[in-house]
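The values are calculated or read from the model by the stated rules, or taken from the named source; none is laboratory data. All values reported here derive from a predicted model rather than from experimental measurement. So basically every Cβ, Gly included, is an ideal-geometry build from the backbone, and we count neighbours across all protein chains shown. In case anyone asks, the SASA skips ligands and DNA or RNA and just uses the protein heavy atoms, side chains included. Shrake-Rupley method; radii C 1.70, N 1.55, O 1.52, S 1.80 Å.
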Amino acid sequence: MNQSDPRRGSSPNAAGTGAGDGWRRRLGELALACAGSFAAEEAQRLHELRRLLAEAPVPALLRGLAVPSEERLDQLIAADAAQSAALAMLGPDCGYLLSRGAGGQHLASVILPGATEEASASGDSFALALVSALGLALIEAEPGPVDRRHPARASRLN
């Protein structure tokens with residue numbers, strides 16, 4: 001299990017330099033912000049992750065995550081479905097594990113396609129924990145190849 005320091009920005013096994021470094025730094029800042037956020041800030045953090053996914057400097061950096069449309073994200077948040085909004089960012093080949101402790105703290109672990117380790121994070125809510133774990137997973141991920149048979153799996157922009 002990899003609980004990376006999100007302030008690190010990139011690591012020796014995190015591919016990509018240049019444009020990807022600033023993007024990874026912002027992912028780390030988001031993961032750190034989620035750790036200090038309250039459930040009332042879920043919508044803001046979900047929008048921040050969606051924006052970062054949409055701004056990925058190279059689509060392969062998304063590692064199988066989906067980028068829901070802003071309209072769809074707003075609909076889910078308005079329906080008080082922050083959990084569904086967070087799950088909407090997971091592509092079909094991503095693995096995840098979610099739990100809630102007796103004290104109410106939420107834990108999310110995700111493993112991106114092709115990754116060798118999972119990334120885990122905790123948060124005040126399910127959505128915050130998952131957003132943080134996704135940010136950490138992307139920081140550590142090496143860009144994967146674009147699936148030529150299913151290009152939407154590499155980067156879903158619906």
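Would you say Gly36 is of a type outside the set (A, V, I, L, M, F, W, C) and at positive phi? Judged against the criteria, Gly36 is not a match. Among the residues making up segment 68-124, those that are in contact with an Asp or Glu (Cβ under 7 Å, 6 or more places away or on another chain) and aliphatic (A, V, I, L, M) are Ala82, Val110, Ile111, Ala119. Restricting attention to segment 54-66, the residues that are closer than 12 Å to Ala88 by Cα and either open to solvent by 30 Å² or more (accessible area, probe 1.4 Å) or not small (Gly, Ala, Ser) (or both) add up to 1. A search for C-beta distances below 7 Å between a residue of segment 63-81 that is within 17 Å of Leu27 (Cβ to Cβ) and any residue that is part of a helix (DSSP H, G or I) and open to solvent by 70 Å² or more (accessible area, probe 1.4 Å), counting only pairs 6+ apart in sequence or on different chains, returns Gly64/Arg153. Within segment 35-78, if we keep just the residues that are small (Gly, Ala, Ser) and outside any helix (DSSP H, G or I), the residue that is modelled with the lowest pLDDT turns out to be Gly64.
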